[in-house]
Structure formats: C-alpha cells, structure tokens
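Encoded as structure tokens, the structure appears first; notes follow it.
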Amino acid sequence: MNYYLRYFDDETLVSNIDDALKFLDSISEINVTPELEADIREYAESDVLFPKRYKVRPRIYFIIIKTEAATMQDFKDKKALRKDISPVAKVPEQMRLMENKRGWYEGHFEFKRVVVNHLGKCEYRDTTFVARCIANSPIDCYNRIVEHLKGRVDERSQFPSAKGKNFSYKYLGTEKPAQ
C-alpha cells in the first residue's frame with residue numbers, strides 16, 4: 001500500500017508512513033504534533049480506504065489517499081483504481097431479483113413518504129415498511145409492495161429502486177398447498 005499526500009501544489013507518493021511524515025515535516029505551515037502523527041499512523045493501519053483530510057488552519061487542509069499505484073504517474077493516470085466493486089460482481093445480485101422462485105417473500109422498504117403538516121405544507125419523512133406476500137420472484141415482491149403502497153400514501157412519495165440499498169427481501173419458503 002502506498003500513500004499519496006497533497007498540500008496545495010506540494011505532493012508526493014510514498015511507500016511508508018515514516019516517509020509521509022518526513023514530507024509533512026518539510027512543509028513549514030504544517031505542525032506535525034505527536035497527536036497528528038498517531039492519527040496518521042492509525043489511519044494507515046486501518047481498513048479505511050477513503051481519503052483522509054487534516055486541518056492545517058481554517059478552511060486549509062492536506063489530504064492522504066491510500067493507493068495501489070506504484071508511481072506518481074500511475075496515480076495520476078488512475079491505473080490503480082480499486083476494483084472491489086466490479087460490474088461483473090454486481091450482475092449476480094441483479095439477476096437474483098429476476099429469479100423465478102414462487103413462494104412467500106418478506107420485502108423491507110425504506111422510502112420517503114409525503115406527509116402534510118399542520119401548516120398544510122408537505123414534508124418528506126423516512127418511512128420503513130415491511131410486508132410479506134406470495135410472489136413469483138423478488139422483483140414481483142417489490143412490484144406488489146409498491147402497488148400496495150401507491151394506493152395508501154401520497155402520490156408524491158418516493159420509492160426506492162429494487163436494485164438499491166433501501167429495498168431488501170428474504171425468501172421465506174414455498175406457499176402451503178390448499179387443504
């Protein structure tokens with residue numbers, strides 16, 4: 001793992017935190033305190049992959065980015081982008097929505113429901129809705145829940161995408177035969 005550091009036009013790509021701290025120490029405006037050093041070391045050892053920014057003074061920051069890039073040019077050309085979430089990895093999950101498997105499903109929705117307040121103005125409220133239904137597939141479960149809600153909430157309410165994180169489902173099993 002390498003580290004890209006930038007403060008205005010000063011930038012570097014280093015392979016260890018000691019070199020990163022030397023770079024920061026060479027910039028007169030940045031005061032490398034023991035607390036800052038400890039926080040940078042903690043960031044480097046963590047699993048966090050997001051860039052981290054540190055305040056130098058009001059509205060002035062320097063950033064550190066973890067990267068797989070071997071050289072500065074690779075970093076600039078974005079050759080070492082993380083490929084944790086590839087389109088190929090997403091396809092099976094999307095295909096499972098279409099999988100034909102009749103039975104009981106429990107669908108879990110988080111959506112923005114329109115509510116008219118005491119002043120007569122509309123507000124969006126985060127609302128959770130869970131329903132069980134017999135469906136032919138997870139997408140059929142999603143569509144049944146949306147149809148059910150459309151008749152019971154304000155038409156301006158916003159429903160999540162079936163492929164998004166605000167809709168989840170659980171297959172509960174096959175339906176019982178009629179007796």
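Here is how the numbers come out for the structure above:
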{"quantity": "Condition broken by A131, with the remaining ones in (1) in contact with a Pro (Cβ under 7 Å, 6 or more places away or on another chain); (2) in a strand (DSSP E or B) satisfied", "calculated": "(1)"}
{"quantity": "Among the candidates E45, E35, residue that is open to solvent by 70 Å² or more (accessible area, probe 1.4 Å), over 27 Å from the mean Cα position of the chain (by Cα), at pLDDT 90 or above and not basic (K, R)", "calculated": "E35"}
{"quantity": "Residue count for the range 134-176, restricted to those that are acidic (D, E) and assigned to a loop (DSSP other than H, G, I, E, B)", "calculated": "3"}
{"quantity": "Filtered residue count, the range 13-31, keeping only those that are within 21 Å of R57 (Cβ to Cβ), without any contact (Cβ under 8 Å) to a residue 40 or more places away in the chain and surrounded by 15 or more Cβ atoms within 10 Å (Cβ to Cβ)", "calculated": "5"}
{"quantity": "Inter-residue pairs, beta-carbon under 7 Å, first in contact (Cβ under 8 Å) with a residue 24 or more places away in the chain and closer than 17 Å to N2 by Cα and in the range 33-49, second in a loop (DSSP other than H, G, I, E, B) and open to solvent by 70 Å² or more (accessible area, probe 1.4 Å), 6+ apart", "calculated": "L49/R82"}
{"quantity": "Filter result (out of contact with any helix residue (DSSP H, G or I) (no Cβ under 9 Å at 6 or more places or on another chain) and in contact (Cβ under 8 Å) with a residue 24 or more places away in the chain) within the range 62-76", "calculated": "I63, A70, T71, M72, F75"}
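The values are calculated or read from the model by the stated rules, or taken from the named source; none is laboratory data. Quantities reported herein were computed from a predicted structural model and do not represent experimental measurements. Here the Cβ is made from the backbone with ideal geometry for all residues, glycine too, and neighbour counts use every protein chain on show. We work out accessible area using only protein heavy atoms, side chains counted, and drop any ligands, DNA or RNA first. Shrake-Rupley method; radii C 1.70, N 1.55, O 1.52, S 1.80 Å.
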